[in-house]
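Here is the structure we will look at.
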Amino acid sequence: MKKVTIGKTTVSVLSGDITAWKGDIIVNAANSGLLGGGGVDGAIHQAGGPEIMEQCKEIRKLQGGCPPGHAVITGGGNLEVKHVIHTVGPIWEGGGRGEAITLAECYRSSLQLANEVGARSIAFPNISTGIYGYPKSPACDVALKSVAEFLEEEQQQNQLEQIDFVCYDAENAELYARWLERYD
């Protein structure tokens, strides 16, 4: 595990399954329909149980889903967290269609929502690097820059004490750990 402190927040890289993480909030790399899917989305819905899906359906009724770069929140269901933030990352189309901006917004909107509900800890998966095809190294760069910028810009309003990047595969864990070395 690699960890650094940015402002008053500890940022860590962990290897493992995000559904086993314990804390206030985990982030789900959702699709815009909020109806579950494959990868981390499917794993969170499966581990969290039907309560999360029911709340996602209510959100769909109210606002018709969740557009890329935005985030919505549900309860944690059967997971050992208070909430799940569902954010929709960009589908990689070569990098020329604003994918980096959209991905950065996923992290920023998730962190803002976490602060709105008073969370002290949050765990992120590697958003958009699975079926959405975002290359892992550039996605890591966007993720960590976005989080670092948020922590630096929002020092007064930020309540988060712990931000964990939970990497399911070794390649992402190594990328994130190397990137965090910049803050040592």
Count, lysine Cα pairs under 21 Å in the chain, 8 or more residues apart or across chains: 11
For ASN28, other-chain or 5+-apart residues with amide H closer than 5 Å (H placed, Pro excluded) are ILE85, HIS86, THR87
Can you tell which of ALA148, PHE124, SER137 lies farthest toward the positive end of the dipole of the range 116-164, using +1 and -1 charges on the Cβ of basic and acidic side chains (Lys, Arg; Asp, Glu)? SER137
DSSP beta bridges in the chain, what fraction antiparallel, as a percent rounded to 5? 35 percent
Using just the helices of the chain, give the 222 nm mean residue ellipticity in deg cm²/dmol: DSSP H runs with n ≥ 4 each add -39,500 (n - 2.57), and the total is spread over all residues, rounded to 500. -12500 deg cm²/dmol
When a/c reaches 1.5 or more, the comparison of a/b and b/c decides; with that in mind, is the chain rounded, prolate or oblate per its Cα gyration tensor? rounded
Here the net charge surrounding VAL117, from other residues whose Cβ is less than 10 Å away from its Cβ (Lys, Arg +1; Asp, Glu -1), is -1
Fewest to most Cβ atoms within 10 Å: HIS45, HIS86, HIS70 sort as HIS70, HIS45, HIS86
Karplus-derived HN-Hα couplings along the range 131-143 (A = 6.51, B = -1.76, C = 1.60, θ = phi - 60°), whole Hz, x at Gly and Pro: 4, 7, x, 5, x, 4, 5, x, 5, 4, 4, 5, 4
Relative to the Cα centre, what is the charge dipole magnitude of the chain, using +1 at the beta carbon of each Lys and Arg, -1 at the beta carbon of each Asp and Glu, and rounding to the nearest 20 debye? 140 debye
From the phi angles alone, apply the Karplus equation (6.51, -1.76, 1.60; θ = phi - 60°) to the range 58-72 and give each ³J(HN,Hα) in whole Hz, x where the residue is Gly or Pro. 5, 4, 4, 4, 6, 9, x, x, 9, x, x, x, 9, 8, 10
For ILE6, which sequence-distant residues (separation of 5 or more, or a different chain) have an amide H within less than 5 Å of its own amide H, given hydrogens modelled in the peptide plane? VAL11
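Each value in this text was obtained by applying a stated rule to the coordinates, not by laboratory testing. As the structure is a prediction and not an experimental result, all values here were calculated from the model. We place every Cβ from the backbone using ideal geometry, glycine too, and count neighbours over all the protein chains shown.
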